[in-house]
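The values are calculated or read from the model by the stated rules, or taken from the named source; none is laboratory data. These numbers were taken from a predicted model, which means no experiment stands behind them. Methodologically, a virtual Cβ is constructed for each residue, glycine included, from the backbone with ideal geometry; neighbour enumeration extends over all protein chains shown.
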Amino acid sequence: MSNIVLIRPGVDDGTVMRLVRDPKVKLKYQHLITNSFVECNRLLRWCPSPDCNNAIKVQHVEARPVVCKCGHRFCFACGENWHDPVRCSLLRRWIKKCDDDSETSNWIAANTKECPKCLVTIEKDGGCNHMVCKNQSCKAEFCWVCLGPWEPHGSSWYSCNRYDEEEAKVARGAQERSRAALQRYLFYCNRYMNHMQSLKFEHKLYASVKEKMEEMQQHNMSWIEVQFLKKAVDILCQCRQTLMYTYVFAYYLRKNNQSVLFEDNQKDLESATEKLSEYLERDITSENLANIKQQVQDKYRLVEIQLKYSYK
């Protein structure tokens with residue numbers, strides 16, 4: 001006689017929804033079903049904007065900007081803010097690097113040196129120049145002054161004259177390269193963070209511009225005529241975001257003729273953006289109304305041109 005195995009079918013979502021009586025539990029389960037559906041569908045992605053419950057659907061997956069109904073613009077492939085001209089993979093590397101390299105980098109550069117053998121960062125916490133690396137796999141002994149091996153120094157550490165010896169040169173060369181790499185990172189990171197901070201201020205500028213638009217309408221300008229101000233702020237925010245990511249791109253860019261051209265375009269875009277930002281923050285009076293309008297329109301048209309060049 002054959003054994004018959006009966007497989008009990010799973011309970012489907014519809015049955016669960018009918019059986020659940022508590023409205024709060026039912027709502028949570030509905031959210032769970034919806035979230036699972038979106039997360040499992042590669043053509044769908046939740047809008048990453050806080051307090052937004054919308055999902056974006058695309059025809060095929062690629063790194064391109066999408067705009068949610070809430071107005072948030074982001075990269076569909078990785079979910080970060082749209083980051084042209086940086087690829088998703090480079091942006092992930094940059095974000096990880098920024099997370100790993102804390103604000104103590106400046107202090108480290110000023111107050112520490114690297115072990116000449118294993119390059120571990122060492123802080124000098126006493127007056128003695130006889131240093132012993134704390135790295136258990138290294139434990140190299142060296143001179144803090146010249147970074148050369150400690151053994152030849154003996155007890156005459158205070159009269160160190162080993163600055164020109166080959167080993168000291170090699171050690172200093174390794175240290176200089178390490179510090180140069182840190183300074184290079186800080187150069188691009190500071191400018192990246194500066195534009196990020198400015199972008200936050202520019203978002204607040206919308207409220208100020210709204211007041212200016214209302215003020216200009218009181219000077220016999222129509223609602224349509226004052227829309228140039230909102231467009232200018234839209235372009236300004238787009239430029240700030242692009243400039244942010246140009247510094248990430250430049251950090252990973254190899255030095256060649258193309259990189260020089262890129263930096264020239266970056267400089268022009270930055271200059272035009274700052275001029276537009278300056279004009280948008282000026283007070284508007286009946287005397288300077290026409291001039292402000294003309295200058296803002298000229299500046300944001302120039303910025304639009306520079307923005308197109310930066311994407312090439």
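Checking each residue in the stretch 180-191 for being touching a helix residue (DSSP H, G or I) at 6+ places or on another chain (Cβ under 6 Å) and modelled with pLDDT under 80 picks out only 182. For the stretch 86-111, taking the residues that are closer than 20 Å to residue 245 by Cβ, more than 12 Å from the chain's Cα centre (by Cα) and assigned to a loop (DSSP other than H, G, I, E, B), the one that is modelled with the lowest pLDDT is identified as 101.
For (1) touching a strand residue (DSSP E or B) at 6+ places or on another chain (Cβ under 9 Å); (2) closer than 17 Å to residue 188 by Cα; (3) surrounded by 17 or more Cβ atoms within 10 Å (Cβ to Cβ), each residue gets a yes or a no:
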residue: 226; (1), (2), (3): no, no, yes
residue: 229; (1), (2), (3): no, no, yes
residue: 234; (1), (2), (3): no, no, no
residue: 249; (1), (2), (3): no, yes, yes
residue: 254; (1), (2), (3): no, yes, no
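All conditions in (1) in a helix (DSSP H, G or I); (2) under 26 Å from the mean Cα position of the chain (by Cα); (3) surrounded by fewer than 16 Cβ atoms within 10 Å (Cβ to Cβ); (4) not aliphatic (A, V, I, L, M) hold for residue 277, with the sole exception of (3).
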